[in-house]
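Everything below concerns the one structure shown next.
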Amino acid sequence: MDLLQDKIIYLDYNATTPIEPRVIEEIVNTLDEFGNPSSAHYFGKRAKEIIELARIKVSNLIGAKPEEIIFTSGATEANNLAILGRALCFEKGHIITSSIEHPSVLNPCKHLMRMGYEVTFLPVDSKGLVDPSDVKRAIRRDTLLVTIMHSNNETGVIQPIAEIGETLLEQGIPLHTDCAQSIGKVSVSVKDLKATMISLAGHKSYAPKGIGALYLKEGFILKPILFGASQERGFRPGTENIPHIAGFGKACEIIREEFNQIVNHLKEVTDLLLEKLLTIEGLRLNGEGAPRLPNTLNVSIKNIMADEFVERVGDRLAISAGSACHAGVRNISHVLVAMGLKDFALSSIRLSTGKFTTTEEVIHAVEIIKESIN
Ligand code: PLP
């Protein structure tokens, strides 16, 4: 940690979270477990045991069976495996998704379109919600998968996944949902969501980057998208990253044990943040009125250019912009555009709190924002 890092208020937990000290401890303790988990000898067995213990901890968090967890390099890979792995079981077919998905869902879908599959991108309303009756209407005889995110990374809006899952269960169509942002913020239960596949990301829930998982319902089959040996029941070949798997398991265990405490804290600091932000003239909360994650605020502030603003406050406050400037071109958030908020997108910022956020930080952050508007 350098001095500047200590001084900057971090309100970008949806981008990534710091690693929880108990997770770091777990990782450090497993770093010298050098055995290859596929080896039949003592060292291999020790490594395998660590992985299986972590698998139990991850599965416990979402109410799954351990054998339903496939470790991946993160939610991007889990999303790709779910979507491509399902589609490749067929030569062609139809997929339903939403227009506000993360690129790691949108881009595999677009890739499948280039391969001859058809994809319906459902709209959202001005609150950012998919209408479950739109899903019902979009279903075709050849629909092979519905993939709709559980909570949105930019707005925190939570989709009616359980309701969508109920309809799909009746029709025998698998549902995949990207829960990368949901773990540790809202309850994620396999039983309630009625999903066939769920993507998880370690680094959004106090574990390191480069680790995640796909929940794959027992008995459900996917084509692998990587080819190699038989690790992770052949769904994800490659020698396992034991320390990161152990760390992810620990992070899930902590979330499960301390869930109420974590969520109450998120609500407390985020409610305070919103209360303070609302004293800024012309500020609008995007996604207002929809169920939202307890830690995420996406707001538009009149007369600011979000990417410049984020840069301006950058030595005191770490937040995200709803638009980004790359090589002189401004990219507007596809999520806000889908919500009909194109005019607000350029002035939108995202503030996301975490379990280490303090009330003092929140109060100070709003002072910084106020000072920097003019
Ligand atoms: N899905 C959502 C909703 C996300 O917010 C992210 C990360 O930004 C991802 C998927 C990708 O996760 P990972 O970084 O673990 O690949």
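The values are calculated or read from the model by the stated rules, or taken from the named source; none is laboratory data. Quantities reported herein were computed from a predicted structural model and do not represent experimental measurements. Cβ atoms come from the backbone with ideal geometry, glycine included; neighbour counts cover every protein chain shown. When the accessible area is computed, the model is the full protein with side chains, heavy atoms only, and any ligands, DNA or RNA have been set aside. Shrake-Rupley method; radii C 1.70, N 1.55, O 1.52, S 1.80 Å.
With the gyration tensor restricted to C-alpha atoms of the stretch 15-63, the semi-axes of the equivalent ellipsoid amount to 23, 16, 8 Å, longest first.
Restricting the GluC sites (Glu not before Pro) of the stretch 75-131 to loop positions (DSSP other than H, G, I, E, B) with no more than 15 neighbouring Cβ atoms within 10 Å leaves E91. Other residues whose C-beta falls under 10 angstrom from the C-beta of A15 contribute a net charge of +1, scoring Lys and Arg +1 and Asp and Glu -1. Computed from the Cβ-Cβ distance with R0 of 25 Å, the FRET efficiency linking T358 to S189 stands at 0.25. In this calculation the C-beta distance from R46 to H111 is compared with R0 = 56 Å, giving a FRET efficiency of 0.90.
Using a probe radius of 1.4 angstrom, the carbon and sulfur fraction of the accessible surface of the chain is 53%. The residues packed around G184, meaning those with a beta-carbon under 11 Å from its beta-carbon, carry a net charge of +2 if Lys and Arg are +1 and Asp and Glu are -1. Using the Cβ-Cβ distance between D125 and E258 with R0 set to 56 Å, the FRET efficiency from 1/(1 + (r/R0)^6) comes to roughly 0.95.
Separation of the alpha carbons by more than 30 angstrom is noted, of K7/K370; K136/K355; K48/K223, for K136/K355. Counting heavy atoms of the protein chains alone, M339 has an accessible area of about 10 Å² for a 1.4 Å probe.
Counting only the Cα atoms, the stretch 177-231 fills a convex hull of 101 Å³ per residue. Given +1 at the Cβ of Lys and Arg, -1 at the Cβ of Asp and Glu and no other charges, the dipole of the stretch 21-255 around its Cα centre is 260 debye to the nearest 20. Taken as Cα centroids, the stretch 348-374 and the stretch 236-268 sit 26 Å apart, rounded to the nearest whole angstrom.
Neighbours of D32 by Cβ distance under 15 Å: Lys/Arg scored +1, Asp/Glu scored -1, total -3. The convex hull drawn around the Cα atoms of the chain, when projected onto a plane and averaged over every direction, covers 19.1 nm².
Of Y215, Y42, Y117, the residue with the greatest mean-square motion in the GNM of the chain, using alpha carbon springs below 10 Å, is Y42. Surface exposure of the chain, expressed per residue as accessible area with a 1.4 Å probe, stands at 44 Å². Loop-located trypsin sites (Lys or Arg not before Pro) in the stretch 141-235 (DSSP state other than H, G, I, E, B) with a sparse environment of at most 15 neighbouring Cβ atoms within 10 Å: R141, K209.
Going by accessible surface with a 1.4 Å probe and the largest first, L193, L169 read L169, L193. Let me know the Kirkwood hydrodynamic radius for the stretch 137-289, please, with Cα pairs as the basis and the value in Å to one decimal. Averaging 1/r across every pair of different Cα atoms and inverting gives 17.8 Å. Its DSSP H runs of at least 4 residues, each contributing -39,500 (n - 2.57), put the calculated 222 nm mean residue ellipticity of the chain at -12500 deg cm²/dmol, to the nearest 500.
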